[in-house]
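J.: Below you'll find the structure I mean.
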Amino acid sequence: MNLKEIYSELLPNIGFSANEVQQNWLDLEKAYSKKSRHYHNLTHLKEMIASFETYRDKLQNPDEILFSIFYHDFVYSASKKDNELKSAEYALAILPENSNLNKQLVFDAICATHQHPQNEIEDINWLIDFDLKILAKDWDDYKIYFEQIRKEYRIYPDFLYKPGRAKALKHFLENEFIFQTDEFRNLYEEKARINIEKEISLLM
């Protein structure tokens, strides 16, 4: 998968000039390639876009969701709690005035990747599920994922990180469902819960 090609096809369709496409790609690549990013990086974008391409025909507003994927983690700092809000604000700020995107949908979609709540807009539920699909990976891949998350939070010692991580994971288990679409629930719900329970046991 060539992220730059996908990005370069999307942006002209939503109102960007050729020069803007190139500069915005460089800015995006730089943001997602920072050394502090062990999980929230270009590989994460590729995995989400692979899901997007699989389920594109289920979406009412595919351009909005694809644009949201590219920018949902544009701003990312492990010590901050407003990454999604800042990312959403940035995504809207760079949109050309003549853009034909539904800006409210983009803003709401990116913000929804913070707590991943059930949403009345089905497109946003698909985006949430694309973001959380990692939770249902085979155990060896899931283990790589949570080790990458730990590296992103390396500024915190274990006595702070472990209970914080366990609390975040329990939040998923306390919900009736982790995934918001029937498709993802049927495919991934059980495996995700097993992985999460196993990681929690390792944190205790």
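The values are calculated or read from the model by the stated rules, or taken from the named source; none is laboratory data. None of the values given here were measured: they were computed from a predicted structure. Neighbour counts are summed over all protein chains in view; Cβ atoms, including those assigned to glycine, are modelled from backbone coordinates with ideal geometry. All accessible areas refer to the heavy atoms of the entire protein, side chains included, with ligands and DNA or RNA removed. Shrake-Rupley method; radii C 1.70, N 1.55, O 1.52, S 1.80 Å.
J.: Classify the stretch 33-189: rounded, prolate or oblate, from the alpha-carbon gyration tensor (a ≥ b ≥ c, eigenvalue square roots; a/c under 1.5 rounded; otherwise prolate if a/b is larger than b/c)?
T.: Verdict is oblate for the stretch 33-189.
J.: Which loop-located GluC sites (Glu not before Pro) does the stretch 154-194 contain, where loop means any DSSP state but H, G, I, E or B and the Cβ has at most 10 other Cβ atoms within 10 Å?
T.: Sparse-neighbourhood loop GluC sites (Glu not before Pro): E176.
J.: Helix-only estimate, please: 222 nm mean residue ellipticity of the chain, summing -39500 (n - 2.57) across DSSP H runs of length 4 or more and dividing by its residues, to the nearest 500. Before the final figure, lay out each step's value.
T.: Values: 10 runs with 136 residues, N = 204.
The helix contribution divided over the chain gives -21500 deg cm²/dmol.
J.: Can you tell which of F146, P163, F184 lies farthest toward the positive end of the dipole of the stretch 136-204, using +1 and -1 charges on the Cβ of basic and acidic side chains (Lys, Arg; Asp, Glu)?
T.: P163
J.: Quick one: net charge around R193, please, counting Lys, Arg +1 and Asp, Glu -1 for every other residue with C-beta under 15 Å from its C-beta.
T.: Net local charge, R193 excluded: -2.
J.: Report, to the nearest 10°, how far helix 103-112 tilts away from the longest principal axis of the Cα atoms in the chain, using its own Cα long axis and a range of 0 to 90°.
T.: Tilt of helix 103-112: around 10 degrees.
J.: About its Cα centre, how strong a charge dipole does the stretch 108-201 have in debye, to the nearest 20, once Lys and Arg get +1 and Asp and Glu get -1 at the Cβ?
T.: Details: 14 positive and 20 negative charges, 151 e Å.
So the magnitude is around 720 debye.
J.: Using a basic spin-label model with each label point 7 Å from the Cα along Cα→Cβ, how many nm lie between H171 and A50?
T.: 2.6
J.: Would you work out what percent of the accessible area of the stretch 80-204, with all protein chains in place, is carbon or sulfur (probe 1.4 Å)?
T.: Reported share for carbon and sulfur atoms: 52 percent.
J.: Find, among the chymotrypsin sites (Phe, Trp or Tyr not before Pro) in the stretch 61-111, those assigned to loop by DSSP (not H, G, I, E, B) with at most 16 other beta-carbon atoms within 10 angstrom.
T.: For chymotrypsin sites (Phe, Trp or Tyr not before Pro) across the stretch 61-111 that sit outside H, G, I, E and B with at most 16 neighbouring Cβ atoms in 10 Å, the list is empty.
J.: With the chain treated as a Gaussian network of Cα nodes joined by springs under 10 Å, which of Q23, Q118, Q148 yields the largest mean-square fluctuation?
T.: Comparing Q23, Q118, Q148 in a Gaussian network model of the chain, the most mobile one is Q23.
J.: Note down the magnitude of the dipole of the stretch 1-80 about its Cα centre, charges +1 on Lys and Arg C-beta and -1 on Asp and Glu C-beta and zero elsewhere, to the nearest 20 debye.
T.: Here the stretch 1-80 has a charge dipole of around 440 debye.
J.: List the aspartates and glutamates whose Cα sits under 16 Å from the Cα of K143, skipping any in the same chain fewer than 8 residues away.
T.: E152, E197, E199
J.: Take the Cα pairs of the stretch 25-76, get the Kirkwood Rh, then feed it into Stokes-Einstein at 10 °C and 1.306 mPa s and tell me D in µm²/s.
T.: Answer from the Stokes-Einstein relation: 137 µm²/s.
J.: On a 0 to 90 degree scale, rounded to 10, what angle separates helix 158-174 from the longest Cα axis of the chain?
T.: Taking Cα atoms only, the helix is inclined about 80 degrees.
J.: Pick out which of L92, L11, L160 has the largest mean-square fluctuation in a Gaussian network model of the chain, springs linking Cα atoms closer than 10 Å.
T.: Fluctuation is largest for L160.
J.: Under unit Cβ charges (Lys, Arg +1; Asp, Glu -1), what dipole magnitude, rounded to 20 debye, does the stretch 1-154 have relative to its Cα centre?
T.: 800
J.: Pairs K30/K198; K35/K170; K4/K167; K35/K58: which exceed 31 Å Cα-Cα?
T.: K30/K198; K4/K167; K35/K58
J.: Relative to the longest principal axis of the chain, what angle (0 to 90°, nearest 10) does the C-alpha long axis of helix 62-71 take?
T.: For helix 62-71, the angle is close to 60 degrees.
J.: A further question on this structure: For a quick check of your reading of the filter: which trypsin sites (Lys or Arg not before Pro) in the stretch 64-139 sit in a DSSP loop and have no more than 12 other Cβ atoms within 10 Å?
T.: The qualifying sites are K80, K81.
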